[in-house]
Amino acid sequence: ANKPIFNEDGQLIEILSVGTNITALKQTEAALRESELKFRRIVENANDIIYMLTPEGTFSYVSPNWTEMLGHDPADVIGSHFAPGIHPDDRQKCLEQFQQLVEHNRPITGLEYRVHHKDGSWRWHISNASTVRDADGRMLYCVGITRDVTERKQAEAELQQAKEVAEVANRAKSEFLANMSHELRTPLNGILGYTQILQQNRSLSGQDAQGLDTIQQCGEHLLTLINDVLDLSKIEARRMEIHPSEFHLPNFLQAIADLFYLRAQQKGIAFLYEPLTDLPTAIRSDEQRLRQVLLNLLGNAIKFTDSGGVALKVGCLNPPDMQSEDPSTSPSSPSPSCLLRFQVEDTGIGIAPDDLEDIFQPFQQVGDHRRMTEGTGLGLAISRRLVNLMGGELKVDSTLGQGSTFWFELQVSIVDRWQEPSLLKTAAITGYQGPRRKVLIVDERAENRTVLTQFLAPLGFEVAEAVDGQDCLEKARNFFPDVIFMDLVMPVMDGFEATRQLRRSPEFQNTVIIAASASAFEHDQQTSLNMGCDAFLSKPIRYKHLLATLQNLLHLDWIYEDSNAFDHPEFPVSSSDMALSSENVTIPSLNQPPSEVLKELIQLAQMGAVLEIQERVRQLEQTHPSLISFTTHVRQLAENFQVRQLQDLLQRYES
Ligand code: ADP
């Protein structure tokens, strides 16, 4: 600024010049403008909307891309409250969070809500916001940033929907399979039932008996397949249950080993069963499932091995100190347990590294196509899941061309006091002691009723039949049965309801009711027991289990055709035995045939008299049913004229 200075005469004598250096100020102003411009450019070019809200919740600023993202002009938005633009379902949550922000300065992070677009649609937004406050902490305004996530939300919704559809489909599939299994088991009940009855007829010719055996084997095979498919669907629907029971471990393993020893021998390869350590006498585990896994692994090992051999190795990894555990002195101490390792080794074709995971997938078969026809590709998928259910993990190690090792480890509790149940076969039972008992068979299907009648009537039971629950109630009032076989799924009135009604009337309070069903669902079993049934038998009915159940519930003493042949007139009946009756084909232990019979068979084998051997074996099957494993294999070898192997086998028994 310049100021002229005049003297008294009014003459300009000088000009006062005051100069202030404003360069720095100018520079700061420029920097500020530039930074604001930069900020504005960022805000205006951002893919997100930046907004400012007053403490009351009205917009004081929205960035220009509001127009692009939500249609409206920012000028129309400024001054309006944020809430009306938000979807009614999300509004409350947004208001609450805004209140928290205003009152407690709690920043908003990742808040998802729908906001109205000018075109009428709802867009999904995700927002972060915080406040700017003065030195006293008073809120000046809120600044926030919001992004459109509609596409992500849509994709998520579609995914969720697809998942739900898949789950429904999966449930429907399991349901379908379970129903199919019911439908398939029902006719099998007739087939296997009659086979069992006819097999007791000793006057059958060799050829007829052989035909019957074939029917039975095919029926059993079909049942195994149905059970396999069902197992998998049950596991996938998380319906598979584990039923632990107590069993003799060395016997259990020996029976499996005996079976595979024979199979390996037939194939001309070696089989080795090697307990790696001392094994506990009896353990508690799901015997049936464990057997199923070992049968699958050993079956595969033999199937995929053409030379060399297969080994089953079992060891206890942390042998417990059995002596120090005395349950009588410390009743509360937990029963000892041990970690068992089961290992199946083979010197077979091996599995390529890339296939090692695939083999555990359902219906996956790898390698040589010619071998695939022999299986379904379900075995390992089921085995892996079963081992998981029992608390272990099925693992594999394999080298192509050299062989494979499958193994798993299970923690099992050890049973201290073990009593061996005795076994008995049904073929020689001809009746029972005491008064005649009355049986009412309730089943909608005539063939199921007839097959049971034909089995029970010759044993001295007085039998009546009913076709459904209603009919059962009427017949029961006139017939007064001692025992009722109750099918569960029937028209008019089902077995559950009939049982419930019977139990309500005093005269049937104590009548024995045995539920029989082809149902695949374990809860049906439980429901039938809850309704008042005394036992449950799965169809197809195994007569051994049927007789065991009758003996148990009616306290029967059986009469045997040749009482000397049977030392143990008791059935091994445990609840798990009954519950699991139809699931799998049990493997009888390899009992020793009488030495004179063995001598005779060896003589016949030396002469190559295979037909006589077949006949002799057939008699043996009748008189010594517990030798089933022995007789089956002798007969198979004899039927195939494998005289050398037959001689070897018989000699092994003799030594
Ligand atoms: P399946 O034996 O009925 O085909 P699995 O699920 O038991 O079905 O086995 C799946 C596949 O894994 C078999 O088809 C085979 O290709 C492979 N596999 C299983 N065990 C062995 C083995 N011990 N050696 C070689 N390959 C095997």
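The values are calculated or read from the model by the stated rules, or taken from the named source; none is laboratory data. Small disclaimer: the values here were computed from a predicted structure and weren't measured. Ideal geometry is used to build each Cβ from the backbone, glycine not excepted, and the neighbour counts take in all protein chains shown. Accessible surface is based on the protein model in full, side chains and every heavy atom, while ligands, DNA and RNA are left aside. Shrake-Rupley method; radii C 1.70, N 1.55, O 1.52, S 1.80 Å.
Here are the numbers:
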item	result
Unique residue being more than 26 Å from Met139 (Cα to Cα), in contact (Cβ under 8 Å) with a residue 60 or more places away in the chain and among the hydrophobic types (A, V, I, L, M, F, W, C) when the list is Met69, Met52	Met69
Test: residue in the stretch 13-21 that is in contact with a strand residue (DSSP E or B) (Cβ under 7 Å, 6 or more places away or on another chain) and surrounded by 13 or more Cβ atoms within 10 Å (Cβ to Cβ)	no
Hits in the stretch 265-293 - residues which are farther than 21 Å from Glu345 by Cα and among the hydroxyl-bearing types (Ser, Thr, Tyr)	Thr281, Ser285
Checklist (1) out of contact with any helix residue (DSSP H, G or I) (no Cβ under 8 Å at 6 or more places or on another chain); (2) in a strand (DSSP E or B) applied to Trp124, failing item	(1)
Residue among Arg644, Arg635, Arg616 that is at pLDDT 50 or above, part of a helix (DSSP H, G or I), among the charged types (D, E, K, R) and open to solvent by less than 30 Å² (accessible area, probe 1.4 Å)	Arg635
Residues of the stretch 475-509 that turn out to be among the acidic types (Asp, Glu) and under 28 Å from Glu183 (Cβ atoms), as a count	3
Conditions (1) at pLDDT 90 or above; (2) within 14 Å of the ligand (Cβ to nearest atom); (3) surrounded by 14 or more Cβ atoms within 10 Å (Cβ to Cβ); number of the one not met by Gln364	(1)
Single match in Arg114, Arg152 (criterion: more than 21 Å from the chain's Cα centre (by Cα), within 18 Å of His81 (Cα to Cα) and basic (Lys, Arg))	Arg114
Residue that is surrounded by 10 or more Cβ atoms within 10 Å (Cβ to Cβ), farther than 27 Å from Gly120 by Cβ and of a type outside the set (Lys, Arg), where the choices are Ala83, Ala30	Ala30
Where a residue in the stretch 375-387 is closer than 16 Å to Glu409 by Cβ and its partner, wherever it lies, is near the ligand (Cβ under 6 Å from one of its atoms) and at pLDDT 90 or above, with Cβ under 7 Å and at least six apart	Ser383/Asn296
Candidate set: the stretch 334-357, residues that are within 11 Å of the ligand (Cβ to nearest atom) and part of a strand (DSSP E or B); chosen: the one most open to solvent (accessible area, probe 1.4 Å)	Glu345
Residue within the stretch 287-308 that is assigned to a strand (DSSP E or B) and either of a type in the set (S, T, N, Q) or more than 28 Å from the chain's Cα centre (by Cα) (or both) present	no
Single condition Leu198 does not satisfy, out of (1) loosely packed, with under 15 Cβ neighbours inside 10 Å; (2) free of Cβ contacts under 8 Å to residues at least 40 places away in the same chain; (3) not basic (Lys, Arg)	(1)
Every residue from the stretch 126-145 that is among the β-branched types (Val, Ile, Thr) and either over 12 Å from Pro55 (Cβ atoms) or surrounded by 12 or more Cβ atoms within 10 Å (Cβ to Cβ) (or both)	Ile126, Thr131, Val143, Ile145
Identity of the residue in the stretch 220-243, assigned to a helix (DSSP H, G or I) and free of Cβ contacts under 8 Å to residues at least 40 places away in the same chain, that ends up least open to solvent (accessible area, probe 1.4 Å)	Leu222
Of residues in the stretch 455-495 being aliphatic (A, V, I, L, M) and over 36 Å from the mean Cα position of the chain (by Cα), the one surrounded by the most Cβ atoms within 10 Å (Cβ to Cβ)	Ala466
Residue among Ala172, Ala178 that is closer than 25 Å to Met240 by Cβ and surrounded by 12 or more Cβ atoms within 10 Å (Cβ to Cβ)	Ala178
Residue identified as more than 16 Å from the ligand (Cβ to nearest atom), at pLDDT 90 or above and over 18 Å from Arg417 (Cα atoms) among Leu295, Leu249, Leu317, Leu253	Leu253
Identity of the residue in the stretch 373-397, near the ligand (Cβ under 10 Å from one of its atoms) and open to solvent by 40 Å² or more (accessible area, probe 1.4 Å), that ends up modelled with the lowest pLDDT	Thr373
Of all residues making up the stretch 37-80, the number that are open to solvent by less than 40 Å² (accessible area, probe 1.4 Å) and either touching a Cys at 6+ places or on another chain (Cβ under 7 Å) or in a helix (DSSP H, G or I) (or both)	7
Subset of the stretch 187-219 (residues that are not in a helix (DSSP H, G or I) and not basic (Lys, Arg))	Gln200, Asn201, Ser203, Leu204, Ser205
